[in-house]
């Protein structure tokens with residue numbers, strides 16, 4: 001994890017040479033095998049021009065995801081679980097844009113994102129014949145769930161008046177999130193958001 005934060009710090013130093021900085025936030029839908037979770041992201045990004053139209057876009061973003069499951073057998077028995085996850089994402093994307101008007105640009109982007117889990121817990125509760133209980137599981141300590149992933153993503157967006165940006169993208173998780181050889185879990189995510197450029 002220290003290496004990831006060192007990379008993030010180095011990327012933030014690019015801000016001194018960046019053409020533009022931005023604060024962005026948006027919606028995240030994550031899928032892992034057949035399960036899905038929803039949440040949001042927020043953070044800062046930078047844009048450094050490599051050549052006309054082509055930019056390097058590092059960033060540092062926080063992400064929150066939640067998901068719920070449950071089942072019941074009438075009034076005899078019930079089960080519910082809620083998972084909450086916190087991540088830090090460090091994208092290193094390339095983007096290429098075309099101006100269709102002085103204040104309107106369309107662009108596409110792609111590249112890797114380091115995805116680091118900060119915390120992941122599942123609160124479970126259940127009851128049988130009116131007798132119930134609950135517990136909270138630390139998924140990183142109590143299961144074979146890994147904190148780390150490398151995602152490859154692509155997306156597109158528009159930039160208006162060099163002040164506002166709207167993007168939609170998709171990331172594919174490259175690493176198996178389970179350290180147990182008997183299980184495989186890869187996480188993908190859809191993002192949609194907006195950013196203010198300053």
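A short reminder: the numbers here are calculations on the coordinates, not readings from a lab. Everything quoted here is computed from the prediction, not taken from an experiment. Here the Cβ is made from the backbone with ideal geometry for all residues, glycine too, and neighbour counts use every protein chain on show.
Each Cα pair under 8 Å and six or more residues apart adds its sequence gap; the mean of these over the residue count of the stretch 134-198 is a relative contact order of 32 percent.
Footprinting exposure proxy ranking of 93, 86, fewest other C-beta atoms within 10 angstrom first, gives 86, 93.
Overall shape of the stretch 128-194 was characterised from the C-alpha gyration tensor. The equivalent ellipsoid obtained from it has semi-axes of 37, 20, 10 Å, in decreasing order.
As a calculated quantity, the FRET efficiency between residue 176 and residue 71 at R0 = 35 Å, using C-beta atoms, amounts to about 0.85. If I compute Cα extents along the principal axes in Å from the structure I just sent, which labelled value in [x] 57, 39, 31; [y] 68, 34, 26; [z] 44, 42, 27 lines up? It is the value labelled [y]. Percent of C-alpha pairs per 5 Å bin in the stretch 68-173, short distances first: 2, 10, 14, 12, 11, 10, 10, 8, 8, 6, 4, 2, 1, 0. Remark: relative contact order (the chain) = 20 percent; criterion is Cα-Cα distance under 8 angstrom and separation of 6 or more residues. Against the main long axis of the alpha-carbon atoms of the chain, helix 2-13 sits at an angle near 30°. When Rg and the Kirkwood Rh are both derived from Cα coordinates, the Rg/Rh ratio for the stretch 155-198 amounts to 1.28. Calculated mean residue ellipticity at 222 nm for the chain: -2000 deg cm²/dmol, from DSSP H runs with n ≥ 4 weighted as -39500 (n - 2.57), summed, divided by the residue count and rounded to 500.
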